[in-house]
Structures are given as structure tokens and as C-alpha cells.
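Trainee: Let me begin by handing over the structure; questions about it come next.
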Amino acid sequence: MTDKTNQEAGSQSIDDNTPKVTGIGGIFFFSENPDKTKDWYSKHLGLEVNQWGSSFEYRNANRPEEINYLQWSPFQKGSEYFSPSQKEFMVNYRVQNIEGLVKKLKADGVTVIDEIETYDYGKFVHIMDDEGNKLELWEPVDRVFTAMDLKTTK
């Protein structure tokens, strides 16, 4: 393969709107004391923390000028946010074309827990995988986070 062919085979087109996961958007987990947990990670591992946890900043591989974010968040143990899952964690996946993805998932018999909700920072929906893990799908609007000018972990 030529270098050009390798580049084309290994990268998605900037105009690609295929309904799919494009990355990890967040890691959420239960904690006995979320504030203490955030403080520990800040003190010992250098995370920049805020009221939600820590936002990790990175560059989009297909559009290097674009800043993207991954959210790390401890939740109070017992929070209903992970329900109906009984697991101690939830993964948030970054997606493109969330409407098309939800349509495909429903057609495939995947349990879609709620309707797509839209906020200024993106669209969200929750699904269940075949092992009972609740997953959060997020079609982000990263520029909203960039405009907030929050301290981020880099």
C-alpha cells in the first residue's frame, strides 16, 4: 500500500455521517464520597477538577484544529443515573448521527431506554447492552465546552 492508500484506509472522511461511535465521551463511576474522590485525583494524579469531575482535553484526529473532551465523573453511590443497570459504572460514547444510530439500534432490537434529549452541548440517549450495562450515547457540540473556558486536564 502507498502512504496515501494507508491514510485513506485508516481515517474516516471528514464528511462521513455514518451512524456510529467515534470515541469515548466519558467514564462515570460510583463513589462513596465524590468530592473526596475528586480531591484525591487532583492532589495525587494532577487532574483539574470541577463540580462534575474532570474534563480531559484532546484534539480531533480528523480535524486537529478542533478540541474535543472526555468527561471523568464520580457519582454518589446509589445514584439513579445508572438505572436500570446494577453496575458501578457507565461509559459515555461519542457518536455521530445519533438519530440514525438510534433508528438502527431499535431495528436491531437493542433496548433504547429514553428519547434523544438535546442540550446546547449535545444530544444524549441511553441504551442497554446485552450484559445489562447502561451506556450513554452523546453527539457532542464541543465548541460549547471550549467557549466555557474551563480548566481541563491535558
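Trainee: Considering only residues that are of a type in the set (Gly, Ala, Ser) and assigned to a loop (DSSP other than H, G, I, E, B), which ones fall in segment 52-62? Can you show your working first?
Mentor: Filtering segment 52-62 for residues of a type in the set (Gly, Ala, Ser) gives 53-55, 61.
Scanning segment 52-62 gives a single hit, 61.
Trainee: Still on this model: Tell me the residue from 80, 88 that is without any contact (Cβ under 8 Å) to a residue 24 or more places away in the chain and either out of contact with any Gly (no Cβ under 6 Å at 6 or more places or on another chain) or closer than 23 Å to residue 32 by Cβ (or both), please.
Mentor: Working: 88 fails: without any contact (Cβ under 8 Å) to a residue 24 or more places away in the chain.
After ruling out the rest, the residue left standing is 80.
Trainee: What number of residues within segment 97-115 are assigned to a helix (DSSP H, G or I) and either over 12 Å from residue 137 (Cβ atoms) or modelled with pLDDT under 95 (or both)?
Mentor: Residues of segment 97-115 that are assigned to a helix (DSSP H, G or I), as a first pass: 98-107.
Right, trim to either over 12 Å from residue 137 (Cβ atoms) or modelled with pLDDT under 95 (or both) and you get 103, 106-107.
Qualifying residue count, segment 97-115: 3.
Trainee: Just need a number here: residues in segment 111-154 that are of a type in the set (Ser, Thr, Tyr), within 17 Å of the chain's Cα centre (by Cα) and either loosely packed, with under 12 Cβ neighbours inside 10 Å or farther than 20 Å from residue 60 by Cβ (or both).
Mentor: Quick first cut of segment 111-154, residues of a type in the set (Ser, Thr, Tyr) only: 111, 118-119, 121, 146, 152-153.
Within this subset, residues satisfying the condition of being within 17 Å of the chain's Cα centre (by Cα) are 118-119, 121, 146, 152-153.
With either loosely packed, with under 12 Cβ neighbours inside 10 Å or farther than 20 Å from residue 60 by Cβ (or both) added as a condition, the list becomes 118-119.
Within segment 111-154, residues that are of a type in the set (Ser, Thr, Tyr), within 17 Å of the chain's Cα centre (by Cα) and either loosely packed, with under 12 Cβ neighbours inside 10 Å or farther than 20 Å from residue 60 by Cβ (or both) number 2.
Trainee: Quick one: how many residues across segment 50-100 are over 20 Å from residue 134 (Cα atoms) and of a type outside the set (D, E, K, R)?
Mentor: Restricting attention to segment 50-100, the residues satisfying the condition of being over 20 Å from residue 134 (Cα atoms) are 50-51, 54-69.
Retained after the next criterion (residues that are of a type outside the set (D, E, K, R)): 50-51, 54-56, 58, 60-62, 64, 67-69.
Final tally of qualifying residues: 13.
Trainee: What tally of residues in segment 136-154 results from selecting those that are out of contact with any Asp or Glu (no Cβ under 6 Å at 6 or more places or on another chain) and either closer than 17 Å to residue 72 by Cβ or among the polar types (S, T, N, Q) (or both)? Lay out the reasoning, then the answer.
Mentor: The initial filter retains those residues of segment 136-154 that are out of contact with any Asp or Glu (no Cβ under 6 Å at 6 or more places or on another chain), namely 136-143, 145-150.
Then drop every residue that is not either closer than 17 Å to residue 72 by Cβ or among the polar types (S, T, N, Q) (or both), which leaves 136, 138, 140, 142, 145-146, 148, 150.
Summing the residues that are out of contact with any Asp or Glu (no Cβ under 6 Å at 6 or more places or on another chain) and either closer than 17 Å to residue 72 by Cβ or among the polar types (S, T, N, Q) (or both) in segment 136-154 gives 8.
Trainee: For segment 36-51, what are the residues that are within 12 Å of residue 73 (Cβ to Cβ) and in a helix (DSSP H, G or I)? Before the answer, list the steps.
Mentor: As a first pass, look at segment 36-51 and keep what is within 12 Å of residue 73 (Cβ to Cβ): 37-38, 41, 47, 49-51.
Of everything in segment 36-51, those that are within 12 Å of residue 73 (Cβ to Cβ) and in a helix (DSSP H, G or I) turn out to be 37, 38, 41.
Trainee: Further question on the same structure: Considering only residues that are out of contact with any helix residue (DSSP H, G or I) (no Cβ under 9 Å at 6 or more places or on another chain) and free of Cβ contacts under 8 Å to residues at least 40 places away in the same chain, which ones fall in segment 116-142?
Mentor: 117, 118, 126, 129, 130, 131, 141
Trainee: Which of (1) loosely packed, with under 13 Cβ neighbours inside 10 Å; (2) in contact with a Leu (Cβ under 6 Å, 6 or more places away or on another chain) is the odd one out, the single condition residue 41 does not satisfy?
Mentor: (1)
The values are calculated or read from the model by the stated rules, or taken from the named source; none is laboratory data. None of these values were measured; they are calculated from a predicted model. Don't worry about glycine lacking a Cβ; one is built from the backbone with ideal geometry, like all the others, and counts go over all protein chains shown.
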